[in-house]
1. Might you let me know whether region A:11-22 holds any residue that is of a type in the set (Val, Ile, Thr) and open to solvent by 20 Å² or more (accessible area, probe 1.4 Å)?
2. Name every residue in region B:51-65 that is open to solvent by less than 50 Å² (accessible area, probe 1.4 Å), of a type in the set (Ser, Thr, Tyr) and more than 11 Å from chain A (Cβ to nearest Cβ), in order of residue number.
3. Could you check how many residues of region B:66-90 are crowded, with 19+ Cβ neighbours inside 10 Å and among the hydroxyl-bearing types (Ser, Thr, Tyr)?
4. What do you reckon, is B:His12 at pLDDT below 85 and over 21 Å from A:Phe36 (Cα atoms)?
5. Hey, can you tell me all the residues within region B:29-50 that are among the β-branched types (Val, Ile, Thr) and surrounded by 14 or more Cβ atoms within 10 Å (Cβ to Cβ)?
6. Of the numbered conditions (1) touching a helix residue (DSSP H, G or I) at 6+ places or on another chain (Cβ under 6 Å); (2) within 9 Å of chain B (Cβ to nearest Cβ); (3) under 24 Å from B:Phe10 (Cα atoms), A:Ser37 satisfies every one except a single condition; which is it?
7. Among the residues of region B:15-28, how many are open to solvent by less than 20 Å² (accessible area, probe 1.4 Å), closer than 19 Å to B:Glu66 by Cα and part of a helix (DSSP H, G or I)?
8. Have a look at B:Val28, B:Val15 and point out the one that is facing chain A (nearest Cβ under 9 Å) and β-branched (Val, Ile, Thr).
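The values are calculated or read from the model by the stated rules, or taken from the named source; none is laboratory data. This is a predicted model, so every value here is computed, not measured. Every residue, glycine among them, receives a Cβ derived from its backbone with ideal geometry; neighbour counts consider all protein chains shown. What goes into the accessible areas is simple: the full protein's heavy atoms, side chains included, and nothing from ligands, DNA or RNA. Shrake-Rupley method; radii C 1.70, N 1.55, O 1.52, S 1.80 Å.
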Amino acid sequence: MEPHTFHPPVLAVWLVDFFIPENRDESIQGDLVEEFSNLASTSGVSAARRWYWRQSIYSVVHLMGTGFCAAPWLIAGAVLGGCLALWFGLEWGDLALFHFNVDLHAHGLRMIPLLSGIQAERFVVMMLVGCLVALAVKGREMVTAIALSLVCAALSGLAYPAWTIVRNPESALPVRVFQLAASIAILLGAAIVREIRFALSRHHHIV
Amino acid sequence: MSSRDYLGEFEHIVVLALMRLRDNAYGVTVRQEIATRIGRDVSVGAIYATLERLEAKGYVTSRLGEPTAERGGRSKRFFRVSPKGVSAVNRARRALLSMSEGLNLVGGYSWSHTPFTRLS
């Protein structure tokens, strides 16, 4: 069998694509695929897949860490700005929904499956904040989005559910699930901006 | 001279690997060279993070090669040590030699020579 007929795990490839800056993505993915093919032909596909997963996770963690250390103040500033934007965005988003007389608590208007109206609005606001933060930090979109997601998860994912448990124990689990989804919304927003930037830079490069 | 002008331990190892590999220095070969020579299994991400730092310091330059089928149509990024990088390696080597001069490192280091000798 030819070495290039082995295929690395799709999810691991996606993980590297998603989190590693585009200027390093091609060479890192190429190196991983080359070593994966060599390993698959000598040690078997299962061992090679395990190796690929390990390398992908270590590489993402390492590059994220060094990405943060290279510009800690820029990222910290963007995270702080993101927190403020979230605060304002969520307040104004809620007010806008109430302005249009949507009785969200009574009817649970479903704009996105599994999310009530107010949750959908918050999901969209967090995604937009993810976009804004990514626009402010070119080349470090994902590391900043992860930092902001972690801060949000720490602030709202722990404090808010604790408050909810005291008031209404039945709603604690849905709130917790929603907070996780909201953190993913920030990452999604940043990923959209990064992909658009990548597509534009590739377009300029070709032109 | 600022602290950024000095090579860290892993940076030193990577630059020496690049010098050994000459025109065939890219992620895979650098990783393999380090594993073969010193038995240290490092991630591809660690290699690239270090190479990027060295490039920012001006110790290393890089160029993209042609895409190849064995890499899924992706290009290799070849690295080369710049004259500034060679000077940095020589400086680090001289510093290490100077600091280790007169120490008995072959037969094992004797703690009794240090100011922190044990009381017992």
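1. Here is the first cut: in region A:11-22, the ones of a type in the set (Val, Ile, Thr) are A:13, A:16, A:20.
Pick out the ones that are also open to solvent by 20 Å² or more (accessible area, probe 1.4 Å) and you get A:13.
Yes: region A:11-22 contains one or more residues that are of a type in the set (Val, Ile, Thr) and open to solvent by 20 Å² or more (accessible area, probe 1.4 Å).
2. Answer for region B:51-65, where residues must be open to solvent by less than 50 Å² (accessible area, probe 1.4 Å), of a type in the set (Ser, Thr, Tyr) and more than 11 Å from chain A (Cβ to nearest Cβ): just B:Tyr59.
3. Here the count works out to 0.
4. Details: at pLDDT below 85: no; over 21 Å from A:Phe36 (Cα atoms): yes.
No.
5. First pass over region B:29-50, keeping only residues among the β-branched types (Val, Ile, Thr): B:29-30, B:34, B:36, B:38, B:42, B:44, B:47, B:50.
Result: B:Thr29, B:Val30, B:Ile34, B:Val42, B:Val44, B:Ile47, B:Thr50.
6. (3)
7. Kept after step one, since they are open to solvent by less than 20 Å² (accessible area, probe 1.4 Å), are these residues of region B:15-28: B:15, B:17-18, B:25-28.
With closer than 19 Å to B:Glu66 by Cα added as a condition, the list becomes B:25-28.
With part of a helix (DSSP H, G or I) added as a condition, the list becomes B:27-28.
Selection size over region B:15-28: 2.
8. On the way: B:Val15 fails: facing chain A (nearest Cβ under 9 Å).
None of the other options fit; the residue is B:Val28.
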